[in-house]
Amino acid sequence: RKQYAGIGFTYDSSKDKFVAPQPYGSWALDSDDDWQAPITKPDDDKMYHWDEDVYQADNSKGWVEVE
């Protein structure tokens with residue numbers, strides 16, 4: 001199986017695996033049943049976190065640099 005059960009996980013009997021809880025309302029499952037943000041995380045040496053409020057205000061943004 002892909003992953004073990006955890007708190008909040010859902011069992012998908014048709015795929016015979018557990019799926020992690022959706023981390024944010026805007027994120028969607030990919031073909032491997034991993035949650036993906038609607039915007040690709042910047043690919044640089046900085047650290048970022050997802051801010052759902054920023055995304056909801058402007059859906060071209062969402063990753064916020066950690067300071």
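Of the two radii for the chain, the radius of gyration is 1.05 times the Kirkwood radius, both from the alpha carbons; that is the Rg over Rh value.
Under the rule of -39500 (n - 2.57) per DSSP H run of 4 or more residues, summed and divided by the residues of the chain, what mean residue ellipticity at 222 nm is obtained, to the nearest 500 deg cm²/dmol?
-2000 deg cm²/dmol
Put +1 on the Cβ of each Lys and Arg and -1 on the Cβ of each Asp and Glu in the chain; which of P21, Q3, A57 then has its Cα farthest toward the positive end of the dipole? My answer, from the dipole projection, is Q3.
Which of the chymotrypsin sites (Phe, Trp or Tyr not before Pro) across the chain are loop residues per DSSP, with 11 or fewer other Cβ within 10 Å? List each step's numbers first, then the result.
Values: sites: Y4, F9, Y11, F18, Y24, W27, W35, Y48, W50, Y55, W63; in loops: Y4, F9, Y24, W27.
Sparse-neighbourhood loop chymotrypsin sites (Phe, Trp or Tyr not before Pro): Y4.
Charged side chains reduced to their Cβ positions (Lys and Arg at +1, Asp and Glu at -1) give the chain a dipole of some 400 debye around its Cα centre. Using the Karplus relation 6.51 cos²θ - 1.76 cosθ + 1.60 with θ = phi - 60°, the per-residue 3J(HN,Hα) values for segment 7-15 come to 4, x, 6, 10, 8, 9, 5, 5, 9 Hz, with x marking Gly and Pro.
Could you compute the net charge surrounding V64? Neighbours are other residues with a C-beta less than 10 Å from the C-beta of V64; K and R count +1, D and E count -1. Provide the component values of the computation, followed by the final result.
Values: positive: K61; negative: D51, D53, E65, E67.
Net charge around V64: -3.
Computed from the coordinates by the stated procedures, all read-outs in this text should not be read as laboratory data. Quick caveat: nothing in here was measured; it's all calculated off a predicted structure. No Cβ is skipped: glycine too gets one built from the backbone with ideal geometry, and neighbour counts run over all protein chains shown.
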